[in-house]
Amino acid sequence: MLCMVSTCRESPYLQRSKHQLQKNVKKLTIDLERPLNDLLEEALQDLLKKYQKRKAKQ
């Protein structure tokens, strides 16, 4: 379960992995000198393309 509220209880592993993901994304925005919103939009577009291709194969 993905919790969006700070009061939601998550496993310590999930908390660490989410924290590491956030750090990696922040580093990427700095390395690429691009805003976070641009990277998120690109990621969502790639995700949609991925599943549209799967759907087309069925």
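We did not get these values from a lab; they are worked out from the coordinates using the rules stated. The structure displayed is predicted, hence computed values, not measured ones. Positions of Cβ are generated from backbone atoms using ideal geometry, with glycine treated the same way; all protein chains shown enter the neighbour counts.
In debye, nearest 20, what is the charge dipole magnitude of the chain about its Cα centre with +1 on Lys and Arg Cβ and -1 on Asp and Glu Cβ, if you could check? Write down the numbers at each step before the final one.
On the way: 13 positive and 7 negative charges, 83 e Å.
Here the size comes out at about 400 debye.
Quick check on the chain: helices-only [θ] at 222 nm, where DSSP H runs of length 4 and up contribute -39,500 (n - 2.57) each and the sum goes over total residues. Nearest 500, please. Walk me through the numbers before you get to the answer.
Numbers: 2 runs with 43 residues, N = 58.
So the helix-based figure for the chain works out to -26000 deg cm²/dmol.
Restricting things to alpha carbons, tell me how big the chain is in terms of Rg and Dmax, in Å.
Radius of gyration, then largest Cα-Cα span, for the chain: 15.2, 42 Å.
Please name which of SER11, VAL25, ALA43 has its Cα lying farthest along the dipole of the chain towards the positive end, using unit charges on Cβ (Lys, Arg +1; Asp, Glu -1) and the Cα centre as origin.
Going by the Cα projections, it comes out as SER11.
Output wanted: per-residue J couplings in Hz (rounded whole) for the range 30-44, from phi through Karplus 6.51 cos²θ - 1.76 cosθ + 1.60, θ = phi - 60°, x for Gly and Pro.
6, 4, 8, 6, 10, x, 4, 4, 5, 5, 5, 4, 4, 5, 5
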